Amino acid sequence: MTTVTARSVVVGVVGRPISHSLSPIIHNAWIAAAGIEAVYVAVSPPEDGFAAFIAGLRGGGVLRGLNVTLPFKPQALALADDTTPRAKAAEAANLLVFQPDGAIWADNTDGLGLLSAFASQAPGFDPAAGPVAVLGAGGGARAAAAAFLAAGAPEVRLINRTLSKAWVVATLLGPKASAFKLDDAAAGFAGVNAIVNASSAGLLGEGSDLPFDAAPSTAVVMDMTYKPLLTPLLRDAQAAGLRTVDGLEMLIGQARPSFEAFFGRSPPPEVDVRSLALAVLGADA
Ligand code: NDP
């Protein structure tokens, strides 16, 4: 175990609510195994106090960096001085680094996490092999759509409860993106290579009611939600014979590049952070 001292580097995650976050479990396990003199904390400023909170962190004397989760991701991007193209494409930042000169650098590693989850749980999956359907039109959906397009997907279909929001995102993403209403999910699923759920609610009841039979049998289905690990949506997809990828693997996948940004080195690969997170989730491995 790493001892926290007066010299310890402090990093963390900011969100509201935050007590559910698994990021401290993951990062502190990596910090301990790497023998870095650091600690990863969880913080939750008032929603209307986020800008003031971030302003107080400029210069890095308090915190070296922060992961950002709901509801602060769009605001985090807006407050940053330097932003990566993928954070701009997602219109949301999940990672801030406070530079010694006072500048704030923002990135979005959700797309990297998503693709690494597909790589680890759906071996052989090729993101460039066909169209992708993304459920939702928020920051998670934008990050997923942008990551798939950057990885060579020929087409991304945003399927959302509110069609107009899906069109706004599709228009920003360019000619390879289109929009569908949730009621027309069957049309959106036709011929897809992958289906990603980036919708935050409404699909957690008894069943997902999604028309998985409209998708090819080769399609891989991913749910960003990981509570429960096997969501009703993933259960329905498996019942339809489709391969699935879970949201916990994405969470771990987005944490890796965050750790690299904080500490300038990769997390120790020997630490089984998935088992640690599952123990906290109370889910079966
Ligand atoms: P946003 O709040 O930005 O977007 C939410 C989306 O969900 C909107 O498109 C909204 O549709 C849709 N939605 C909300 N309620 C319903 C409903 N009842 N029925 C249908 N659609 C609904 O959230 P984010 O994009 O930031 O995050 C989405 C989810 O992904 C969250 O659960 C988040 O925790 C998870 N996530 C997981 C990550 C991981 O590492 N595993 C990383 C990032 C996100 P509308 O436009 O109609 O309002």
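Checked against (1) more than 9 Å from the ligand (Cβ to nearest atom); (2) surrounded by fewer than 21 Cβ atoms within 10 Å (Cβ to Cβ), residue 164 meets all criteria but (1).
Tell me which residues, restricted to the stretch 121-130, are exposed (fewer than 14 other Cβ atoms within 10 Å of the Cβ) and small (Gly, Ala, Ser). Those that are exposed (fewer than 14 other Cβ atoms within 10 Å of the Cβ) and small (Gly, Ala, Ser): 124, 128. Taking the stretch 105-120 as the range and being within 12 Å of the ligand (Cβ to nearest atom), open to solvent by 20 Å² or more (accessible area, probe 1.4 Å) and of a type in the set (Ser, Thr, Tyr) as the test, only 116 passes. The single condition among (1) more than 14 Å from the ligand (Cβ to nearest atom); (2) surrounded by fewer than 15 Cβ atoms within 10 Å (Cβ to Cβ) that residue 183 does not satisfy is (1).
Is there a residue in the stretch 96-104 that is within 13 Å of the ligand (Cβ to nearest atom), among the β-branched types (Val, Ile, Thr) and in contact with a Leu (Cβ under 6 Å, 6 or more places away or on another chain)?
We begin by selecting, within the stretch 96-104, every residue within 13 Å of the ligand (Cβ to nearest atom); these are none.
No, that holds for no residue.
Please find, within the stretch 63-84, the residue that is nearest to residue 10 (Cα to Cα) out of those that are in a loop (DSSP other than H, G, I, E, B) and open to solvent by less than 50 Å² (accessible area, probe 1.4 Å).
Within the stretch 63-84, the subset in a loop (DSSP other than H, G, I, E, B) is 63-64, 69-72, 80-81, 84.
Going one step further and asking which of them are open to solvent by less than 50 Å² (accessible area, probe 1.4 Å), we end up with 63, 69, 72, 80, 84.
Details: 63: 5, 69: 18, 72: 20, 80: 19, 84: 23 Å.
Once the filter is applied, the top-ranked residue is 63.
Just one of (1) in a loop (DSSP other than H, G, I, E, B); (2) open to solvent by less than 50 Å² (accessible area, probe 1.4 Å) fails for residue 3. It is (2).
Within the stretch 121-147, residues that are under 13 Å from residue 219 (Cα atoms) sit with their Cβ atoms under 6 Å from residues that are among the β-branched types (Val, Ile, Thr) and not in a strand (DSSP E or B), at 6+ positions apart or across chains, in these pairs: 131/192; 133/192. Would you mind stating whether residue 60 is open to solvent by less than 30 Å² (accessible area, probe 1.4 Å) and in contact with a Pro (Cβ under 6 Å, 6 or more places away or on another chain)? Yes, satisfied.
The values are calculated or read from the model by the stated rules, or taken from the named source; none is laboratory data. Not measured: the values here are computed from a predicted model. For neighbour counting, all protein chains shown are included, and Cβ atoms are generated from backbone atoms with ideal geometry for every residue, glycine included. Protein only, heavy atoms only, side chains kept; ligands, DNA and RNA dropped before computing areas. Shrake-Rupley method; radii C 1.70, N 1.55, O 1.52, S 1.80 Å.
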